[in-house]
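The values are calculated or read from the model by the stated rules, or taken from the named source; none is laboratory data. None of the values given here were measured: they were computed from a predicted structure. Quick reminder, even Gly has a Cβ in these numbers, built from the backbone with ideal geometry, and neighbours come from all protein chains shown. Only protein heavy atoms, including side chains, enter the accessible area calculation; ligands, DNA and RNA are left aside. Shrake-Rupley method; radii C 1.70, N 1.55, O 1.52, S 1.80 Å.
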Amino acid sequence: MDNTAGKSKHGNQRSDTDNGENKIIAGECNPSNSLSKSCPAKEKSSSTIEINKARDEDIFYKFVILHAETDELEAIRFKNILQDKFNIKPGIIFAEMPAGEQILKNLDHAVNGSAWTILLLTVNFLREAWCDFQSHATLINSVHMHHKYNCVIPVRPRDNYLPREKTPFALKLINALEEGNPEFPKQVEKTFRDSLYKKQYDIWKAEKDDMEHSSL
């Protein structure tokens, strides 16, 4: 993906899906949370925020990429590889989560609203306390929620990756995908199985329906 295009456009237009059909959701400005700056031109109205929030909550993503703030473009690049080369979509990176939400609530939506949680292990990963919190939160979530047990995926990208010897102990226990490994395509195919995605989707949909019924 062209890095220049990633900087200027990725927040304004995103390819999403609803029941397997691709669609484009246009945002008024770059989505913002602690990992991205807010739009300088104008703030979103509360009604726009609620509409965007409702749209995102109706989408069950195949994966979400949690990443360091300085790795936003790298996260976009890796997302595009999974979607375009391996047809694993829809996916989202954390910086693209909708604005107007508390960051912890966004993290909860990201993890529970996707089949797989990808931790982008670069050298920047250890420099941000937020990344450390993200990894611990997702690992704890996978322990307490049985169906999420095998859904935390550490990834070492091709460049600027975090060496295994510097990787936090808890993440060393999980087999990481390594883009520079010749077996990477086979690793991806083995990890992102449609059967597991369907199982995760069914659980998510049932929980969503229960919440909607209980609110009536």
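With the convex hull drawn around the C-alpha atoms of the range 73-216, the volume per residue stands at 126 Å³. Computed extension gain for Ala137 through Met211, at 0.36 nm per residue and net of the alpha carbon distance, reaches 24.3 nm. Full extension of the segment from Asn150 to Phe184, taken as 0.36 nm per residue of separation minus the current Cα-Cα distance, would add 10.4 nm. Listed peptides 171-183, 108-120 appear in the order 108-120, 171-183 once ranked by packing, highest mean of other Cβ atoms within 10 Å at the front. Distances between placed amide hydrogens fall under 5 Å for Thr122 paired with Leu162, all partners being 5 or more residues away or on another chain. Using the 1.4 Å probe convention, the accessible area of the range 159-216 works out to 74 Å² per residue with neighbouring protein chains retained. Using 0.36 nm per residue and subtracting the Cα-Cα separation, the extra length available between Phe86 and Arg158 on full extension is 24.3 nm. Among the listed pairs Lys166/Lys199; Lys166/Lys198; Lys172/Lys199; Lys62/Lys172, a Cα-Cα separation exceeding 31 Å is found for Lys166/Lys199; Lys166/Lys198. Between Ser195 and Arg127, the modelled label-to-label distance comes to 4.2 nm, taking each label 7 Å out from Cα in the direction of the beta carbon. Amide H contacts for Ile153 (H built 1.01 Å from N in the peptide plane; partners 5 or more residues away or on another chain; cut-off under 5 Å): Thr117, Ile118, Leu119.
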